[in-house]
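The values are calculated or read from the model by the stated rules, or taken from the named source; none is laboratory data. Since we're looking at a predicted model, the values are computed, not measured. A quick note on method: Cβ atoms are made from the backbone with ideal geometry, for glycine too, and the neighbour counts reach across all protein chains shown.
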Amino acid sequence: MNYYKIDIKTIRTEKEGMLSFFEGTRAFPFEIRRIYYIHHVPAGARRGAHAHKTLQQMIFCPYGSVTIFLNDGETEEQILLDDPGIGIVLMPGLWRDMLWNIDNSVLCVAASDYYDEHDYIRDYDEYLAYLKSKKEEARP
Ligand code: T46
């Protein structure tokens, strides 16, 4: 599946606590054009239910626990994000859902582009048709 996990650089600082950081194109292969974060979500809530045509994103959970469900039209995987030092880089074309495991968990995203609703596919049948047309395009 077209995603991978990354270790976000995390250092124990002289003052109490830890500090994590990442730099676009060093930690993952795109420049960051947008950062957004999702918060004040109750446990048990689900979000997502869409795919992106071109957007690349690095997703991490600096506080709490969120499960990410990925689907590429053939296989499904789920990834637990409950460690501020772990992120996942999602390449375009993956259907995703997110489940909040703990109240008020925060999900942060570094994205390769500005917000554009035209980049979203929010209907699953449309998503499957999109994948099929991409496969046909790629045929020699
Ligand atoms: C994704 C997952 C992980 C904006 O106006 N600007 C923005 O930058 C974003 C991200 C959203 N919006 C608007 C669009 C909708 O009217 O905020 C509303 C909620 O967005 P959405 O329902 O897409 O939110 P999630 O939590 O389902 O999905 C978000 C991102 O949209 C999406 O790109 O991959 O987080």
Check your understanding: Pairs under 9 Å by beta carbon, first residue closer than 21 Å to E76 by Cβ in region 1-13, partner among the basic types (K, R) and at pLDDT below 95, six or more apart or different chains?
Key -> none
Check your understanding: Looking at (1) within 14 Å of C108 (Cβ to Cβ); (2) in contact with a helix residue (DSSP H, G or I) (Cβ under 6 Å, 6 or more places away or on another chain); (3) not acidic (D, E), which is the one condition that is false for I86?
Key -> (2)
Review point. Any chance region 55-71 includes a residue that's of a type outside the set (K, R), loosely packed, with under 13 Cβ neighbours inside 10 Å and more than 10 Å from the ligand (Cβ to nearest atom)?
Key: no
Check your understanding: Where in region 11-116 are the strands (runs of 3 or more DSSP E), entirely inside, with at least 3 residues that are small (G, A, S)?
Key -> 46-52
Check your understanding: Does A51 qualify as being surrounded by 14 or more Cβ atoms within 10 Å (Cβ to Cβ), at pLDDT 95 or above, closer than 17 Å to K5 by Cα and within 10 Å of the ligand (Cβ to nearest atom)?
Key -> no
Check your understanding: On the given criteria, is E126 away from the ligand (no atom under 11 Å from the Cβ), at pLDDT 95 or above and either within 30 Å of M18 (Cα to Cα) or surrounded by fewer than 16 Cβ atoms within 10 Å (Cβ to Cβ) (or both)?
Key -> yes
Point to revise | The one condition in (1) surrounded by fewer than 17 Cβ atoms within 10 Å (Cβ to Cβ); (2) more than 10 Å from the ligand (Cβ to nearest atom); (3) hydrophobic (A, V, I, L, M, F, W, C) that I35 fails to fulfil | key: (2)
